[in-house]
């Protein structure tokens, strides 16, 4: 909130998420990302004369699930509407959306605000619609090419109230929204593939003023970092304008990543009046009541509840719970590891540490089975391998996909040696090799102790049991 | 001479009517190809059917009477066409129509007007004028047209043939190029009630490709009852205004007497919101048209004028040159009535009036009336050019037909006499999805009516 002084920022968000379906909203074409241009198309999504839309029930089911996950009221009857505008990648000259009677209204999403603690954003509405195609400006020189593979891909649009007081809050909400939608298995929420896109409405007002200021719409935001950046820039622009005695024009601003600036959309690019009217090609959308029951029952535990449970059930610090729950697969992995017999805290450390790093390096794949990790954690607990040695064992196991941790540790020669004869030999060797340090230690430089432990571990190539080494060193150095 | 040769001959002889859009050579070729694969045992085996140029076929171009779709070949065919072919019918070419089915005379075709088969100075009606003219001239026994406000019944009445507009949702619209989607239905022309009814039966029924098509079995074709005893037929007074053409009135009066003679109980009824039908129609249909025709932008198909400097210029050139005056007029009206600030005053009120018009019909049908009988058109066929300069006069040619489209009801016109040698049509209207009762009455009436008699 630095630098805004007497001004309060008010932000509302419209988020488009691609629903995870195999086929498009109104035809049977594939929704797969990255196919050669204009290969996943048919008369319906090309908008050919005489073609008609028919609704993909799976898209509606996913939208219903999203609505329930966001605490919305799902309307058993809703209406499709046409949003009319001309654009080369909009093949029918209108987008089938919902307007006056959307699928769901009146929900909320609680998220951790960086400034105000736990805040609940109002979900004003959630409706279903089809995506447009893509205009490709860099494919053919001096020509705009149109790819209609995306045309007709199902989207849910999720609209909040003007509930955010800073760009940071807007971002925090989006992260929470992404989490919920991923948990509910509604959407990939993959920003790079455009399966989650954000438009924002933003205004500023004098602190304490009950009236909202004139808002602008900021479009073209395609990463969570940019949400914060673009909205920060627009907020600052508005405040500067008002402080200079100017007025805010109600207009659409585009975020220009390269210039790190927001600029007004040229009025030519804009079509203010969408001439919405009920889509005559589709009867009212009627959701069978049993779908609601099915989806409600089938809804997984959502992130907020899971974080709470992780803290209570496993005694995890809230930061650990947040990191684990933030990635559904990771949280599932953690729970499976605990279920296979691992202690919760070490299991959490492993999941957030080696497991996550390994997954990130391998395209998100969790390569090691939770049961194997649990056995490895057991070896550390029982003093069979040291923690650093266990990480080497993990690397081998993960690369192989499976294996017996103990056998791997043995084959690598990493099983800790508890035999006092061998230990004594390593300790003696270190002490006799470092007479200077021994003298300083004996003279009172007790902080040198870990140095001796490290040297013994090094000499033993990690096989010495650090606990026994410590005891033995203490005894020898005291002598 | 084979049947196909005779058909091609008849089509060639009818060329002066400018009713057929497909070159004769292409028709001959397509018929030969179809004859080789046609189902011989189907319900319409060997029946040639011509098709309005706004219904998608694989065989011929589908240009909707418009320059903007000149040469356009659909990569898929309408459900109705697929069903006709499966039943053994032969698709014998595409017929001329008002551009995008907007008109009542076929004068608004980019490919020239079609002529009335009995009087070249007169129009065959429209918008499905080419189909009506070819059936009226005896070239084919049946044809497909489309209706948004009377575009089958009005030309059928003008050309002295039977025309049926089914209940909205009876026939799939998949492959019918949209004009006013909430009003559009594919309709049929026939020389007789039987020809039209048989075609309707084949093309009707549920279709997963059209969400507005009702989940119903194909229409069973009823038999003609001996008489009309037990039928209550309502005569709505609003369809007999003082300025109704006297010849049309005489033909209707004579038909009402025939209905009584057949044993029907004839009752005067009122549909009080009828006067609002034309204004209501001319808000809703153009509104939907303005959106449905947005796709003709020169980006993906159709002719694209050269030299456009940017995409706006491309739109302007494509649409400005590609659409005729009547289409442009309706796109403008439709855009206006949907605009912010005007939507409530026009579109929303028109929708409310539309439900009142539908309620009028339900009120009458709920009080024991089975069918309604009215004139199909206010006048016999008019002369070419007569209404071209006056759009509202042209719109009023559909005054007795638009109500069935607004209310989604089935309606049928059949020839009931002549005025100065020109055909007059009488209309039967039925409650939704009661085409079978409407056809029973039409079969029975057809046996006694004298379509050639001067009124």
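Tell me, yes or no, whether the stretch A:38-59 has at least one residue that is touching a residue at least 24 places away in the same chain (Cβ under 8 Å), closer than 30 Å to residue A:109 by Cα and either in a helix (DSSP H, G or I) or outside the structural domain of residue A:196 (by TED's automatic domain parsing) (or both). Yes, the stretch A:38-59 contains a residue that is touching a residue at least 24 places away in the same chain (Cβ under 8 Å), closer than 30 Å to residue A:109 by Cα and either in a helix (DSSP H, G or I) or outside the structural domain of residue A:196 (by TED's automatic domain parsing) (or both). Filtered by the rule that a residue be part of a loop (DSSP other than H, G, I, E, B), in contact with a strand residue (DSSP E or B) (Cβ under 8 Å, 6 or more places away or on another chain) and closer than 25 Å to residue A:132 by Cβ, the stretch A:76-86 gives A:79, A:85.
If you check residue B:80 against the conditions, is it within 14 Å of another protein chain (Cβ to nearest Cβ), in contact with a helix residue (DSSP H, G or I) (Cβ under 7 Å, 6 or more places away or on another chain) and in a helix (DSSP H, G or I)? For residue B:80, the condition - within 14 Å of another protein chain (Cβ to nearest Cβ), in contact with a helix residue (DSSP H, G or I) (Cβ under 7 Å, 6 or more places away or on another chain) and in a helix (DSSP H, G or I) - is met. Quickly run through the stretch B:204-225 and pick out the residues that are out of contact with any helix residue (DSSP H, G or I) (no Cβ under 8 Å at 6 or more places or on another chain), surrounded by fewer than 18 Cβ atoms within 10 Å (Cβ to Cβ) and more than 17 Å from residue B:432 (Cβ to Cβ). Listed by number, the list holds a single entry, B:208.
Yes/no per residue for (1) at pLDDT below 95; (2) away from chain B (no Cβ under 14 Å); (3) within 29 Å of residue B:294 (Cβ to Cβ):
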position	(1), (2), (3)
A:5	yes, yes, no
A:16	no, yes, yes
A:28	no, no, yes
A:43	no, no, yes
A:60	no, no, yes
A:68	no, yes, no
A:74	no, yes, no
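Residue by residue, here is whether (1) out of contact with any helix residue (DSSP H, G or I) (no Cβ under 6 Å at 6 or more places or on another chain); (2) in contact (Cβ under 8 Å) with a residue 40 or more places away in the chain holds:
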site	(1), (2)
B:314	yes, no
B:335	no, yes
B:356	yes, yes
B:365	yes, yes
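If the requirement is being assigned to a loop (DSSP other than H, G, I, E, B) and either closer than 30 Å to residue A:190 by Cα or at pLDDT 90 or above (or both), which of these qualifies: A:368, A:379, A:397? Residue meeting the stated conditions: A:368.
Scanning the stretch B:173-202 for residues that are in contact with a strand residue (DSSP E or B) (Cβ under 8 Å, 6 or more places away or on another chain) and within 12 Å of chain A (Cβ to nearest Cβ), we see that the one that is surrounded by the most Cβ atoms within 10 Å (Cβ to Cβ) is B:186.
Candidates are the residues of the stretch B:206-219 that are away from every other protein chain (no Cβ under 12 Å) and touching a residue at least 40 places away in the same chain (Cβ under 8 Å); the one that is nearest to the chain's Cα centre (by Cα) is B:219.
Taking the conditions exactly as written (more than 22 Å from residue A:187 (Cα to Cα), without any contact (Cβ under 8 Å) to a residue 40 or more places away in the chain and part of a helix (DSSP H, G or I)), does residue A:320 satisfy them or not?
Working: more than 22 Å from residue A:187 (Cα to Cα): yes; without any contact (Cβ under 8 Å) to a residue 40 or more places away in the chain: yes; part of a helix (DSSP H, G or I): yes.
So residue A:320 fits the description; yes.
Checking B:92, B:12, B:32 one by one, the residue that is touching a helix residue (DSSP H, G or I) at 6+ places or on another chain (Cβ under 9 Å), more than 14 Å from chain A (Cβ to nearest Cβ), on the phi < 0 side of the Ramachandran plot and in a strand (DSSP E or B) is B:92 and no other. Of the helices (runs of 4 or more DSSP H) that lie entirely inside the stretch B:272-380, those containing 3 or more residues that are over 20 Å from the mean Cα position of the chain (by Cα) and either within 11 Å of chain A (Cβ to nearest Cβ) or within 18 Å of residue A:275 (Cα to Cα) (or both) span B:311-322, B:325-338, B:349-366.
Kindly indicate whether residue B:150 is within 25 Å of residue B:331 (Cα to Cα) and in contact with a helix residue (DSSP H, G or I) (Cβ under 7 Å, 6 or more places away or on another chain).
Numbers: within 25 Å of residue B:331 (Cα to Cα): yes; in contact with a helix residue (DSSP H, G or I) (Cβ under 7 Å, 6 or more places away or on another chain): yes.
For residue B:150, the condition - within 25 Å of residue B:331 (Cα to Cα) and in contact with a helix residue (DSSP H, G or I) (Cβ under 7 Å, 6 or more places away or on another chain) - is met.
Matching residues to (1) within 30 Å of residue A:135 (Cβ to Cβ); (2) modelled with pLDDT under 95; (3) surrounded by 15 or more Cβ atoms within 10 Å (Cβ to Cβ):
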{"site": "A:250", "(1), (2), (3)": "yes, yes, no"}
{"site": "A:256", "(1), (2), (3)": "yes, yes, no"}
{"site": "A:262", "(1), (2), (3)": "yes, yes, yes"}
{"site": "A:266", "(1), (2), (3)": "yes, yes, no"}
{"site": "A:270", "(1), (2), (3)": "yes, yes, no"}
{"site": "A:277", "(1), (2), (3)": "yes, no, yes"}
{"site": "A:282", "(1), (2), (3)": "yes, no, yes"}
{"site": "A:287", "(1), (2), (3)": "no, no, yes"}
{"site": "A:296", "(1), (2), (3)": "no, yes, no"}
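Scanning the stretch B:381-422 for residues that are more than 20 Å from residue B:147 (Cα to Cα) and part of a strand (DSSP E or B) yields a total of 6.
Only one of A:207, A:197 is under 20 Å from the mean Cα position of the chain (by Cα) and modelled with pLDDT under 95; which? Break it down stepwise before answering.
On the way: A:207 fails: under 20 Å from the mean Cα position of the chain (by Cα).
Just a single option satisfies the conditions, and that option is A:197.
When we screen A:340, A:407 for residues that are over 23 Å from the mean Cα position of the chain (by Cα), over 26 Å from residue A:472 (Cβ atoms) and without any contact (Cβ under 8 Å) to a residue 12 or more places away in the chain, the only hit is A:407.
The values are calculated or read from the model by the stated rules, or taken from the named source; none is laboratory data. A quick note: this is a predicted structure, and the numbers were derived from the prediction, not measured. Note that each Cβ is placed from the backbone with ideal geometry, even for glycine, and that neighbours are counted across all protein chains shown.
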